[in-house]
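Structure first, then comments.
The values are calculated or read from the model by the stated rules, or taken from the named source; none is laboratory data. Everything numeric here is computed off the predicted structure, so don't read it as measured data. Backbone-built Cβ (ideal geometry, glycine too); neighbour counts: all protein chains shown.
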């Protein structure tokens, strides 16, 4: 299992650094020397973390590592949350790395599946973020970490700015277990706005030829939100948020949840829900949340990472966001994932496939996409003990009057249209994850969220409340009952579905007091990116790809 | 629920600090000025965290806060992991604080229960540590944090030394949400061995008149380990650790688990288990682990906090412990709890009461002790996805051949003698937690570990494997079957217990190949504190209370 543990931490740091002595001046290394530095300090078989968050990337260091001599450096074991860049994949194609433990692959999902098929990579596990960070402190500590920061000072202190993300977790594990930390920075400055990582924890600093790459992953253009998404968002607000009184929550990425955010100051406010729902968030600074913040709906937002263009707006709202004395945001993926797990009453997200038991996965045939934070936030936090109205009510519904020890329950909502792009059904008899498990040599299929952790499935057809299902048969019919015209939906038992509707296990829009005619884009508090800019008082500065004016 | 959220973060930091301008020189505040400082920056209704970990204590700041004028400062809401000092309780007795959110109270458990009864304190919830830290970033962010560090430099950078514990989580949440961080330090030095908390994150530093208080909580004298504990430890090693191949784990505090640690280099080694079990730990540096470390049993230990007297020994084993470039340990309770939750296959601990469904609690009549890390580490980590032999096997046993999506499972073991001190039975029909819920105004009884998360209960009578129980009735008989001569044990159904024994649901020592005669103290790798010192090569320096030579 831990093949290289007999040697960890391996050659002592001092000896490795001794080999690189001529390449550095203090902690400073010139960009031209980084190939030689990596060949000096990285050893075959090392566990290496190339910081790839789902936003910022240590892209210069990734590119340089992909260019080392595979005769000198090979069989690396990559332990990093995101495999997003072509250079990450190139490490395996060039034979520099052979094993991978990760969380999310996004754009490289297809290439990763091919490499597995070709036997050129061993993927040990698809983790949730906090799980991978946790293993950094137990059995997956990196020998070498290649990280990215905005700036360093002459001593080697680092300023990560708003995109701190995974950096603290990676650096702490590596630096305090005899590993070597190499940081690429956009610039060296005389003084830093603040210190995010102390110099003691950093071995080498290199000014990269170009600023690190960053992806605006959480920006959704309101213009692209459909009226079906408005309808589903209304159902969620009325049938889930208001019903349980959800105040602390996390939203997944996507247009479905952006629609909810944009209905808070309009539809939810009309229902008298301001101050009663959606007050405290574990969330990246979604631009779609600006209208709700400006309407006073939102008390607090702690973030995994930042979002491009939101800097000035965030700085103007220290009453809502976590910002430093310098005014810029402090994000921290590890703490925000802990918040999503333990401090939130609800997680809502989307998926590619859901089966008849409610198991869902984004790992489909030919794509090893990974799960990111979803398994962590979309699982019941069984260690949680503090009570909230939503948590208690969900627990009571799950217990259904059985004589068991009372226990609260997290609300975990899957929100999908019955058909995805290209008319692929979201509901399937069997997840592709079963085939993927076979291909990857896993004992258990890579499920993103297990059916017994899901409490609600929302489609344009209605809400299935799985908490109220009394057995697996009812659960299956509740799922079929909101699966619309997919094959899974068409195979429903009409009588049983009618019975579930009469019991409120399935809630149609009409039962929620929502008419489909109401579901108009006019309800959105912003209908374009330009609206968001206006509502932010001109402080939100969207990346150019989102501007059409 | 969040009564003071309408005003959070309340008066801006700059305004609060303005009121204290005359009391500080830069970040430095003289000890004599701290009462005035607190009266200047703390406002009525504030959320305040007085750093009380289960080891180090910001005791000078706690004492000073307890001495402020209750006319000026009252109705504080304490949000801190441990309520351990008399001064913490005095805050409520003097009317300075009125609400509490906490994790563990240890020595103040009885006093806390009285205050609740008298209606002088509202205890909102008993959290697990990581849950409380998570809420610091959502709905329990402190307005003011009073923390402890070993040293500061002139700029205000902090060195926390080996006892970093909760400090990073507390400071990050407070400093980045407009709160005020005040640090007591043992000394101001020109240069620090390393920087643990950057000066930017700290508002005020005070050199305390005496070094902060620290409790050697994890030291267990091997001389006090009984032969019954040796027997139980042998059962755990053979019946659980070897059976599942447990490599990553956490041990609770106590003599039961200390016995296991001391049997690794002897009994476990004789069974050929070296390298096959107990290689990677999330654990404070227990002195009882020294023999296993010296025998090469242990590859890695990441710690929540340190342990007094272990400093020089830890510094000598950077191959095992997480240490900085300065040689001293870096602990971090938040990361170690994440490791205990997500990276460990097994948690084993003890409790005061277990009911017929396996629910356990240390919150008993007249004592609100809290749970510390147990609920977090003693709960199935449902977000976990990485596979290990132990996790897969536990999941297979739990599934019992049912046609469900395969899913691994954490091993959660409760290890208790059937009778505690004063012949109190560990097994009860009904937990005192039910009464406590009523007294505290909670909807759910404060259970430490829920029965459906427990996989094994170990007593001197044998091991009950709850994974193999097919229904609640079997589970009850399995528990009664190891409950010995307690009333719960005597009420067993003999035929059903015999059937459970025949199926291996209950394992007696003989069935494990262990004779009670074998269970001798001679098997312990160290039989005294002096032995531990010798085996450490003289590096372990036990506190004087543990020395009798």
Q. Does residue A:207 count as away from every other protein chain (no Cβ under 13 Å), touching a residue at least 40 places away in the same chain (Cβ under 8 Å) and under 25 Å from the mean Cα position of the chain (by Cα)?
A. no
**Q.** Selection within segment B:378-390 - in contact with a strand residue (DSSP E or B) (Cβ under 8 Å, 6 or more places away or on another chain) and under 16 Å from residue A:376 (Cβ atoms)
**A.** B:379, B:380, B:385, B:386
Q. Residue A:104: within 18 Å of the chain's Cα centre (by Cα), buried (at least 19 other Cβ atoms within 10 Å of the Cβ), over 23 Å from residue B:299 (Cα atoms) and more than 11 Å from every other protein chain (Cβ to nearest Cβ), yes or no?
A. yes
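Would you kindly identify the strands (runs of 3 or more DSSP E) lying entirely within segment A:382-479 that contain at least 3 residues that are touching a residue at least 24 places away in the same chain (Cβ under 8 Å) and outside the structural domain of residue A:357 (by the TED database)?
In segment A:382-479, no matching strands (runs of 3 or more DSSP E) lie anywhere.
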Q.
If residue B:423 satisfies all but one of (1) modelled with pLDDT under 95; (2) surrounded by fewer than 19 Cβ atoms within 10 Å (Cβ to Cβ); (3) in contact with a helix residue (DSSP H, G or I) (Cβ under 8 Å, 6 or more places away or on another chain), what's the number of the condition it fails?
A. (3)
**Q.** Count of segment B:360-381 residues which are in a loop (DSSP other than H, G, I, E, B), surrounded by 24 or more Cβ atoms within 10 Å (Cβ to Cβ) and at the interface with another protein chain (Cβ under 8 Å from one of its Cβ atoms)
**A.** 4
Q) If residue A:242 passes every condition in (1) surrounded by fewer than 24 Cβ atoms within 10 Å (Cβ to Cβ); (2) assigned to a strand (DSSP E or B) but one, which one does it miss? A) (2)
(Q) Among the listed residues B:66, B:40, identify the single one that is surrounded by 18 or more Cβ atoms within 10 Å (Cβ to Cβ), more than 14 Å from every other protein chain (Cβ to nearest Cβ), farther than 21 Å from residue B:89 by Cα and modelled with pLDDT of 95 or more. (A) B:40
Q) Here is a list of conditions, (1) more than 30 Å from residue B:269 (Cβ to Cβ); (2) assigned by the TED database to the domain that holds residue B:400, and residue B:544 meets all of them except one; can you say which number that is? A) (2)
Q. Inside segment A:391-411, can you point out the residues that are more than 10 Å from chain B (Cβ to nearest Cβ) and under 26 Å from the mean Cα position of the chain (by Cα)?
A. A:394, A:409, A:411
Q: Output yes when any residue across segment B:110-128 is without any contact (Cβ under 8 Å) to a residue 60 or more places away in the chain, within 22 Å of residue B:186 (Cα to Cα) and either more than 23 Å from the chain's Cα centre (by Cα) or surrounded by 20 or more Cβ atoms within 10 Å (Cβ to Cβ) (or both), and no when none is.
A: no
Q | Yes/no for residue B:8 being within 14 Å of chain A (Cβ to nearest Cβ), closer than 21 Å to residue B:372 by Cβ, touching a strand residue (DSSP E or B) at 6+ places or on another chain (Cβ under 8 Å) and in contact (Cβ under 8 Å) with a residue 60 or more places away in the chain | A | no
Q. Can you name every residue in segment A:52-63 that is buried (at least 24 other Cβ atoms within 10 Å of the Cβ) and free of Cβ contacts under 8 Å to residues at least 40 places away in the same chain?
A. A:52
Q. From B:343, B:374, which residue is modelled with pLDDT of 95 or more, within 14 Å of residue A:138 (Cβ to Cβ) and within 21 Å of the chain's Cα centre (by Cα)?
A. B:343
Q | Every residue from segment A:161-204 that is touching a helix residue (DSSP H, G or I) at 6+ places or on another chain (Cβ under 8 Å), in a loop (DSSP other than H, G, I, E, B) and away from chain B (no Cβ under 13 Å) | A | A:165
Q.
What pairs come out if I take residues in segment A:321-350 that are within 20 Å of residue A:196 (Cα to Cα) and more than 7 Å from chain B (Cβ to nearest Cβ) and pair them with residues that are at pLDDT below 95 and surrounded by fewer than 24 Cβ atoms within 10 Å (Cβ to Cβ) whose C-beta lies under 6 Å away, six or more apart or interchain?
A. A:328/A:161
(Q) Yes or no: segment A:133-141 includes at least one residue that is farther than 22 Å from residue B:173 by Cα, without any contact (Cβ under 8 Å) to a residue 24 or more places away in the chain and in contact with a strand residue (DSSP E or B) (Cβ under 9 Å, 6 or more places away or on another chain). (A) yes
**Q.** Filter pass, residue A:133 being buried (at least 24 other Cβ atoms within 10 Å of the Cβ), within 23 Å of residue A:322 (Cβ to Cβ), at pLDDT below 95 and in contact with a helix residue (DSSP H, G or I) (Cβ under 9 Å, 6 or more places away or on another chain)
**A.** no
(Q) Six or more apart or on different chains, Cβ atoms under 7 Å: show the pairs whose first residue is in segment A:267-282 and touching a residue at least 24 places away in the same chain (Cβ under 8 Å) and assigned by the TED database to the domain that holds residue A:229 and whose second is surrounded by fewer than 17 Cβ atoms within 10 Å (Cβ to Cβ) and not in a loop (DSSP other than H, G, I, E, B). (A) none
Q: Kindly state which helices (runs of 4 or more DSSP H) lie completely within segment B:250-357 and contain at least 3 residues that are crowded, with 22+ Cβ neighbours inside 10 Å.
A: B:255-263, B:290-294, B:333-342
Q. Would a scan of segment B:306-315 turn up a residue that is within 11 Å of another protein chain (Cβ to nearest Cβ) and farther than 30 Å from residue A:377 by Cβ?
A. no
